[in-house]
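In what follows, a structure is listed as structure tokens, so that the remarks can point back to it.
The values are calculated or read from the model by the stated rules, or taken from the named source; none is laboratory data. On a predicted model such as this, the values are computed, not experimentally measured, just so you know. Cβ placement follows ideal geometry from the backbone for every residue including glycine, while neighbour counts extend to all protein chains displayed.
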Amino acid sequence: MKYENITRARFIDRPNRFIAVCEINGVKETVHVKNTGRCRELLVPGCDVWLTAPGTAGRKTRYDLVAVRKENGLLINMDSQAPNKAVMEYLSAAGFDRVLPEYTYGSSRIDFYLEKGDEKTLMEVKGCTLERNGTGYFPDAPTERGIKHIHELIRAKKEGYRAVLAFVIQMEGINEVRPNTETHPQFGTAWDEAVSAGVDIVFFLCSIKEDEILITDHIRKKENEG
């Protein structure tokens with residue numbers, strides 16, 4: 001997926017999880033942050049960020065913050081809506097007979113329902129923006145919703161679906177995501193339960209540019225890894 005009207009800016013402050021103050025050509029501007037996660041390791045005062053101007057009527061802010069250059073040089077797409085859009089593009093070209101987004105299953109809405117021949121798949125997608133020493137981690141903040149989705153995938157697997165927990169790695173050079181048990185130990189427990197139940201863990205690798213995120217490949221986590 002590609003963004004229009006990309007502008008480079010300097011991050012100054014984040015008053016709350018929805019907005020940030022950035023400097024564009026010497027002028028301070030309040031912008032919308034398209035990621036309500038903590039992102040403390042990303043949004044460091046003085047860092048370079050990239051903004052898009054959707055031009056939607058009635059907006060309170062002109063810009064959306066969608067990408068950031070981390071202190072270690074990594075360019076990271078931090079738009080929380082981007083992973084599902086990028087996966088939709090990727091799956092649409094992957095030869096499935098049916099690709100249905102936002103599929104209601106149980107008491108949850110699972111990101112994708114897929115069909116190929118007789119195989120029916122439920123796929124939940126998460127975006128990974130947290131990196132430590134060359135490895136991706138999820139989540140960057142406690143997520144009860146994420147645990148609920150994992151439990152739904154475990155149930156789906158028992159009912160005969162192929163169940164997939166997929167991570168879109170929103171940076172280049174990282175090909176693995178691990179559960180961030182330091183931040184949310186219960187998510188790590190749910191992850192282990194999912195693997196034991198036969199839920200597939202898949203990592204989507206991406207090409208990242210200031211104005212684009214494109215899935216280039218996917219890797220299935222082997223059962224005996226980590």
Worksheet entry | Residue list for the range 120-168, restricted to those being among the acidic types (Asp, Glu) and over 15 Å from Tyr103 (Cβ atoms) | Glu131, Asp140, Glu144
Discussion item. Just to check your reading of the model, which residue among Thr36, Thr61 is part of a loop (DSSP other than H, G, I, E, B), modelled with pLDDT under 95, over 30 Å from Thr216 (Cβ atoms) and among the polar types (S, T, N, Q)?
Written reply: Thr61
Discussion item. Can you find, within the range 139-174, the residue that is nearest to Asp79 (Cα to Cα) among those that are in contact with a helix residue (DSSP H, G or I) (Cβ under 8 Å, 6 or more places away or on another chain) and in a strand (DSSP E or B)?
Written reply: Val168
Discussion item. From the list Ile169, Ile201, Ile154, exactly one residue is β-branched (Val, Ile, Thr) and under 12 Å from Tyr137 (Cα atoms). Which is it?
Written reply: Ile169
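Yes or no, residue by residue, for (1) in a strand (DSSP E or B); (2) not aliphatic (A, V, I, L, M):
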| site | (1), (2) |
| --- | --- |
| Ala57 | no, no |
| Val68 | yes, no |
| Asp79 | no, yes |
| Asn84 | no, yes |
| Tyr90 | no, yes |
| Phe96 | no, yes |
| Val99 | yes, no |
| Glu102 | yes, yes |
Discussion item. Can you pull out every residue in the range 175-186 that is touching a helix residue (DSSP H, G or I) at 6+ places or on another chain (Cβ under 8 Å) and either among the polar types (S, T, N, Q) or surrounded by fewer than 17 Cβ atoms within 10 Å (Cβ to Cβ) (or both)?
Written reply: Asn180, Thr181, Gln186
Worksheet item: For the subset of the range 1-20 comprising residues that are part of a strand (DSSP E or B) and free of Cβ contacts under 8 Å to residues at least 40 places away in the same chain, which member is nearest to Asn77 (Cα to Cα)?
Response: Arg10
Item to complete: Name the one entry in Glu29, Glu23 that is assigned to a strand (DSSP E or B), surrounded by 15 or more Cβ atoms within 10 Å (Cβ to Cβ) and acidic (Asp, Glu).
Response: Glu29
